[in-house]
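Trainee: This is the structure, below, for whatever I ask next.
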Amino acid sequence: MEKIFDSHSHYNDDSFKSDYKEILKHIQDSGVGTVMNVGADIHSSRLAIKQAEENDFMYCSVGIHPHDAIQARDEAIMAELEEMIANPKVKAVGEAGLDYHYDDSWSPEVQKEAFIKQIQLANKYNKPLIIHTRDAMQDTLEILNEYPLKSGVVHCYSGSRESCKQLVKMGLYIGFTGVITFKNARRALESMKVVPLDRLLIETDCPYMAPEPNRGKRCDSSMLHYVAQKMADELGLEKDEIIRITRENAERLFNII
Ligand code: NI
């Protein structure tokens, strides 16, 4: 059986604190071969590295999520982040990007500044950038046009098909979560179909985004079987092929041999 690569997870999240070891064993038993553990601020980035160092099948990224964009104005934090990138377990920068969904978010100016700094860091160290974008596609595309990335992925894709085409044209990979199993997933599924097979990734974004039939529960990487099955059904492929293709894509993107 092909092994699953979960290209975006947060095992550094507090919700995994109590049963972290059991969950990691459970997901490996279920056929998950590799996970990318994603940092979202300086604290969770430190923890992501510690966890990746403790687990052979885990790699990590370090970065500042738009929800914590203000941290990118702190020179000491940015210096520490830059140092962390040299760690052999760190395979990407991020997640970074723009999120205008909540009214109490940092201003677009603060968010853009953090995003651009991390694009530059990723390019400087030849690492892919993991991009988070929500209700901010126009600004995201503008920044990526002005500051082109060497490589990267737009994770938990939720935008339009047209925007998806533009991101693919920029050479980016596109990650899909359990959202594609939801009843109202038409938009995500239409976007998925314009992504070339060699740019598709599957991800949990756990503990969030549990796929059907587990929607609303705490998500973990074992649930990617549902996401892979849905993707396979929509694209007319076998589930095992999707698992193989998305794993090879993730290994290429994150430079994992
Ligand atoms: Ni995430």
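Trainee: Count, please, the residues in region 2-14 that happen to be under 29 Å from Leu172 (Cβ atoms) and out of contact with any strand residue (DSSP E or B) (no Cβ under 7 Å at 6 or more places or on another chain).
Mentor: Adding up the residues that qualify gives 2.
Trainee: What are the residues in region 198-227 that are over 23 Å from Glu22 (Cα atoms) and either small (Gly, Ala, Ser) or not in a helix (DSSP H, G or I) (or both), if any? Give the steps one after another, and end with the answer.
Mentor: Within region 198-227, the first condition is being over 23 Å from Glu22 (Cα atoms), and the residues that meet it are 198-201.
Passing the criteria: Leu200, Leu201.
Trainee: Answer yes if at least one residue in region 1-10 is among the hydroxyl-bearing types (Ser, Thr, Tyr), within 16 Å of the ligand (Cβ to nearest atom) and under 21 Å from Thr246 (Cα atoms), and no otherwise.
Mentor: The answer is yes; a qualifying residue exists.
Trainee: Of Leu224, Leu253, which residue is in contact (Cβ under 8 Å) with a residue 40 or more places away in the chain, within 19 Å of the chain's Cα centre (by Cα) and under 23 Å from Phe182 (Cβ atoms)? Please lay out each step first, then the result.
Mentor: Values: Leu253 fails: under 23 Å from Phe182 (Cβ atoms).
Answer to the selection: Leu224.
Trainee: Those residues that are under 15 Å from Leu201 (Cβ atoms) and open to solvent by less than 10 Å² (accessible area, probe 1.4 Å), I need them from region 132-152; list them, please.
Mentor: Within region 132-152, Gly152 is the sole residue that qualifies.
Trainee: Can you tell me which residue is surrounded by the most Cβ atoms within 10 Å (Cβ to Cβ) among those in region 153-176 that are within 15 Å of the ligand (Cβ to nearest atom) and aliphatic (A, V, I, L, M)?
Mentor: Val153
Trainee: Out of the residues in region 182-217 that are within 17 Å of the chain's Cα centre (by Cα) and open to solvent by 50 Å² or more (accessible area, probe 1.4 Å), state the one that is nearest to Asp240 (Cα to Cα).
Mentor: Asp198
Trainee: So Asp13 fits all but one of (1) within 16 Å of the ligand (Cβ to nearest atom); (2) out of contact with any helix residue (DSSP H, G or I) (no Cβ under 9 Å at 6 or more places or on another chain); (3) closer than 19 Å to Leu224 by Cα; what number is the exception?
Mentor: (2)
Trainee: If you go through region 121-152, how many residues are part of a strand (DSSP E or B) and more than 15 Å from the ligand (Cβ to nearest atom)?
Mentor: Qualifying residue count, region 121-152: 0.
Trainee: OK, next. What are the residues in region 87-101 that are open to solvent by 50 Å² or more (accessible area, probe 1.4 Å) and touching a residue at least 12 places away in the same chain (Cβ under 8 Å), if any?
Mentor: Answer for region 87-101, where residues must be open to solvent by 50 Å² or more (accessible area, probe 1.4 Å) and touching a residue at least 12 places away in the same chain (Cβ under 8 Å): Tyr100, His101.
The values are calculated or read from the model by the stated rules, or taken from the named source; none is laboratory data. Because the structure is a prediction, the values reported are computed rather than measured. Every residue, glycine as well, gets a Cβ built from its backbone with ideal geometry; the counts of neighbours run over all protein chains shown. Quick note on the areas: whole protein, heavy atoms, side chains included, nothing else; ligands and nucleic acids left out. Shrake-Rupley method; radii C 1.70, N 1.55, O 1.52, S 1.80 Å.
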